[in-house]
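Take a look at the structure set out below.
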Amino acid sequence: MQLKPEEISKVIRSQIKYYENAIRQDETGTVLMVGDGIARVSGLANCMAGELLEFEDGSFGMAQNLEENSVSVVLFGSGETISEEQMVKRTGKVVSVPVGETLIGRVVNALGQPIDAGGPISASEYRPIESQAPGICERQGVCQPLQTGIKAIDSMVPIGRGQRELIIGDRQTGKTTIATDTILNQKGKDVICIYVAIGQKRSTVASLVENLEKNGAMDYTIVVAATASEASPLQYIVPYTGCAMGEYFMYQGKDVLIIYDDLSKHAVAYRALSLLIRRPPGREAYPGDVFYLHSRLLERAAKLDDAHGGGSLTALPIIETQAGDISAYIPTNVISITDGQIFLESELFHSGVMPAVNPGISVSRVGGNAQIKAMKKVAGTLKLIYSQYRELESFAQFGSDLDADTKMRLEQGARIVEVLKQKQNAPVSVEKQVAILYAVTKGILSKVVTEDVELYEEGLYIWLDTDARGAEVMQVIRESGKLEKETEEKLKSALEAYTESFLDTRIQK
Ligand SMILES: Nc1ncnc2c1ncn2[C@@H]1O[C@H](COP(=O)(O)OP(=O)(O)O)[C@@H](O)[C@H]1O
Ligand SMILES: [Mg+2]
């Protein structure tokens, strides 16, 4: 082959042109001590808090305590192949994770790496897991509902987009079920959902993903998991990872729902990590900044104003209590930084009232603004009747002969309890909720015996879809969101017509 001198000189010239006269310098340190998932490193004078550090074996850690002569690093791996005297390299970046559309439908770990069978994720953008919450001027009040599809919640503890609503209760009271049902109800509603699993069993996460897949909810959902077997630093960062992924969409003007299941385990992981890096323990051995741990996470939930795209990030943190004790350290902390809470009770759950929401002590501090008008109208009376029923019920147990009015109220209350019961994976659209709640509060249901309420409800939903009168009213409520006089009349006569036909079929049997 002939080499042409002019070609060679051209190559050399371009090489010289792009030669960068800068010495790249990596700042490195040395491992002083390693064990229990943490390492102490010296020689990293300029290391940032929360910076990602790379070890000689290729594993990573995050800088936590910056002390005078050393840095305490929490390890993201097992740390088995790290030993003393090894080199540690600064990456110059705080821990960041991939974000964007490509993550939707995937199951990823705390670092945003895929753990499902879908192959590698090619994300074009990264976001630091910790970032400043939106400022006061960037926000607007919560004004749009986030329908959960759960009657007891949408009617009495409504959730708005951008709100933080705590789900709290003992183990096995249906907390996760409320969260997943809410995800299922977002189908076709243009809400991106993120489910963050913290310190749960792998099998639990697997069956949850399976359930979401089966119901077609993975098309708009990201699952981020740090399971019980993973290192506590990963369990510590995983909610921030999920939040960063959600924020990306929020700043693009989209609506996002994020679930942290659960923050009790998150606090425990943080406690383990803090004790290992020798931060002083405080109450219940949690470090002093455990409040800040959750407040900075939940403050990132927001409804942005229109100048900033109008996106929202709605957070549903979950807290597991021990024997219903909501005055323990972590529950009280999280209650104080959320906009309301949904209390679930074991007693209700075991007596068959599912979802086991206790409406007496559950509140939503901003959600009322975010109910559609029709729902507001029926739910207002529902709350009143229901709380009167609870009061009556407690002392009616002692009296034997009750007057007709008391009896009527007790009967109506019993039907309300029945109407608010709901099965798993069966979200109800808001216009149908309005119909059934209207029937029970206006006494249309009083002709139906309490045992038949479930059957009545099932039939009603089908009837509302198929019968012309029903479908018309449903359409008006769905499109206008209102229940004006005329619509109300129509709804009433439609419900009466259905009740007639329902009672006829019952008598025949
Ligand atoms: N509304 C419901 N109807 C029927 N079963 C339910 C309902 N809610 C929860 N369950 C069942 O109760 C069990 C506990 O629910 P789960 O949501 O896992 O509770 P938690 O997250 O509070 O531990 C699950 O087996 C679930 O299927
Ligand atoms: Mg659970």
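Just one of the listed residues (Glu130, Glu54) is surrounded by 15 or more Cβ atoms within 10 Å (Cβ to Cβ), out of contact with any His (no Cβ under 8 Å at 6 or more places or on another chain), among the acidic types (Asp, Glu) and part of a strand (DSSP E or B), namely Glu54. The residues of region 311-351 that are among the small types (Gly, Ala, Ser) and more than 16 Å from ligand 1 (Cβ to nearest atom), listed by number, are Gly311, Ser312, Ala315, Ser327, Ala328, Ser336, Gly340.
Quick grid of which residues meet (1) more than 26 Å from Glu299 (Cα to Cα); (2) touching a His at 6+ places or on another chain (Cβ under 9 Å); (3) more than 16 Å from ligand 1 (Cβ to nearest atom); (4) not small (Gly, Ala, Ser):
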{"residue": "Lys201", "(1), (2), (3), (4)": "yes, no, no, yes"}
{"residue": "Ala217", "(1), (2), (3), (4)": "yes, no, no, no"}
{"residue": "Thr221", "(1), (2), (3), (4)": "no, no, yes, yes"}
{"residue": "Ser232", "(1), (2), (3), (4)": "no, no, yes, no"}
{"residue": "Gln235", "(1), (2), (3), (4)": "no, yes, yes, yes"}
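Given the options Asp255, Asp181, Asp190, name the one that is within 14 Å of ligand 2 (Cβ to nearest atom) and acidic (Asp, Glu). Matching residue, one of Asp255, Asp181, Asp190: Asp181.
For region 462-481, give me each residue that is crowded, with 17+ Cβ neighbours inside 10 Å and closer than 20 Å to Asp154 by Cα. Listed by number, the residues that qualify are Leu464, Val473, Met474, Val476, Ile477, Gly481.
Of the helices (runs of 4 or more DSSP H) lying entirely inside region 395-495, those containing at least 1 residues that are touching a residue at least 60 places away in the same chain (Cβ under 8 Å) span 404-420, 430-441, 468-480. Checked against (1) buried (at least 20 other Cβ atoms within 10 Å of the Cβ); (2) among the hydrophobic types (A, V, I, L, M, F, W, C); (3) in a helix (DSSP H, G or I), Ala315 passes all but a single condition, namely (3).
Only a single criterion out of (1) part of a loop (DSSP other than H, G, I, E, B); (2) under 23 Å from Asn369 (Cβ atoms) is not satisfied by Asp154, namely (1). In the set (1) more than 17 Å from the chain's Cα centre (by Cα); (2) within 26 Å of Leu103 (Cβ to Cβ); (3) assigned to a loop (DSSP other than H, G, I, E, B), Gln147 fails one condition alone, (1).
Taking region 61-90 as the range and being free of Cβ contacts under 8 Å to residues at least 40 places away in the same chain and hydrophobic (A, V, I, L, M, F, W, C) as the test, the residues that pass are Ala63, Leu66, Val73.
Computed from the coordinates by the stated procedures, all read-outs in this text should not be read as laboratory data. Just so we're clear, the structure is a prediction, and the values are computed from it rather than from any experiment. Positions of Cβ are generated from backbone atoms using ideal geometry, with glycine treated the same way; all protein chains shown enter the neighbour counts.
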